[in-house]
Amino acid sequence: IFGGPEATRYLVIMYTGLGAVAGHDYSPWLSFKGGKGIATSGGVILYTDPRFFLLTFVTVIGTAIVTGYVSLGSLMAAVVYIIVHIVVIGRGACFAWGSAVRTYDPQYRAEIIVIALIMAGMAIWRHKANIQRLLAGKENKLSWRKKEKA
């Protein structure tokens, strides 16, 4: 479909990942409702490069620990996902496991960045209620204390 396998491997992974995230977010079996795509996106990121997964994972956990908001951590990871793709792909590098091809056909650079923007945009869009609660100061915070039984 996309040409030679070496030049298009990363592009195929990105399209496949986008399909997985979209299928999770808008499942036809759940009346086109679903989750927010963060865990599915994490799986896509882990498949493309475990180092990039570690960066986004630390972003989620670090933000959640510092602020107390897991949703803010997820949103920050989406922003990091966009920025890192623009920087890394923009300079001609590529994420990949050690055994996978580390380059791709430059003609796909813009397409890969657009797919990353769509995936991150979907995550941000699915968090719109969380964003509204964050802005209103009504978002639930993490609690490290045990809940007392009534």
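For LEU30 paired with LEU46, estimate the spin-label separation in nm (one decimal), with each label point 7 Å from Cα along the Cα-to-Cβ line.
In this crude label model, LEU30 to LEU46 measures out at 1.8 nm.
Simple spin-label model, 7 Å along Cα-to-Cβ: GLU111 to ILE61 in nm?
Rounded to a tenth, the inter-label distance reads 3.6 nm.
Starting from the range 1-82, pick out the chymotrypsin sites (Phe, Trp or Tyr not before Pro) whose DSSP state is loop and whose Cβ has at most 16 other Cβ atoms within 10 Å. Walk me through the intermediate numbers first.
Numbers: sites: PHE2, TYR10, TYR15, TYR26, TRP29, PHE32, TYR47, PHE52, PHE53, PHE57, TYR69, TYR81; in loops: PHE2, TYR26, PHE32, TYR69.
Counting only loop positions with at most 16 other Cβ atoms within 10 Å, the chymotrypsin sites (Phe, Trp or Tyr not before Pro) in the range 1-82 are PHE2, TYR26, PHE32.
Read-outs throughout are calculated quantities, based only on the coordinates presented, and are distinct from any laboratory measurement. None of the values given here were measured: they were computed from a predicted structure. For neighbour counting, all protein chains shown are included, and Cβ atoms are generated from backbone atoms with ideal geometry for every residue, glycine included.
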